[in-house]
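Participant: Provided herewith is a single structure, encoded as structure tokens, for subsequent inquiry.
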Amino acid sequence: MELPKFILGDNTKFPTAIYVIHTEFPRFIINLETDEVEWLEDFDTQDEEELLSETETAVQEASAFYDSEVSTYDD
């Protein structure tokens, strides 16, 4: 199955939280309400520098994805 790079998620137990799931490496879920990131990968300390740069870009892309998706509902 081919998954999109980002998926929106929500949960009735956390009614104000909006989640963006990043399905490509490094896989993570970000809570846009708190900016908390939950990693779905295990990392070595050797990967830390690359991970930090990729993470910053991926989080910015996740936020842009959310903004784009929400704007389609406003139209």
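The values are calculated or read from the model by the stated rules, or taken from the named source; none is laboratory data. Quick caveat, the model's predicted, so the values are computed rather than measured. Cβ placement follows ideal geometry from the backbone for every residue including glycine, while neighbour counts extend to all protein chains displayed. All accessible areas refer to the heavy atoms of the entire protein, side chains included, with ligands and DNA or RNA removed. Shrake-Rupley method; radii C 1.70, N 1.55, O 1.52, S 1.80 Å.
Participant: On the given criteria, is Thr55 modelled with pLDDT of 85 or more and over 16 Å from Glu69 (Cα atoms)?
Facilitator: Numbers: modelled with pLDDT of 85 or more: no; over 16 Å from Glu69 (Cα atoms): yes.
No.
Participant: Ok, one more. Quick one: would you say Ala58 is assigned to a strand (DSSP E or B) and out of contact with any Gly (no Cβ under 8 Å at 6 or more places or on another chain)? Reasoning before the result, please.
Facilitator: Details: assigned to a strand (DSSP E or B): no; out of contact with any Gly (no Cβ under 8 Å at 6 or more places or on another chain): yes.
No: the conditions fail for Ala58.
Participant: Related question: Going through the range 1-47 one residue at a time, which ones are under 14 Å from Ala62 (Cα atoms), in a loop (DSSP other than H, G, I, E, B) and either out of contact with any Leu (no Cβ under 8 Å at 6 or more places or on another chain) or among the hydrophobic types (A, V, I, L, M, F, W, C) (or both)?
Facilitator: Pro4, Lys5, Glu24, Phe25, Leu32, Glu33, Thr34, Asp35
Participant: Take the range 40-49 and flag every residue that is open to solvent by 70 Å² or more (accessible area, probe 1.4 Å), under 17 Å from the mean Cα position of the chain (by Cα) and charged (D, E, K, R). Quick ask: steps written out before the conclusion?
Facilitator: Start the filter on the range 40-49 by keeping residues that are open to solvent by 70 Å² or more (accessible area, probe 1.4 Å), which leaves 40, 42, 44-46, 48-49.
From the residues that got through so far, the ones that are under 17 Å from the mean Cα position of the chain (by Cα) too are 40, 42.
Selection gives Asp42 alone.
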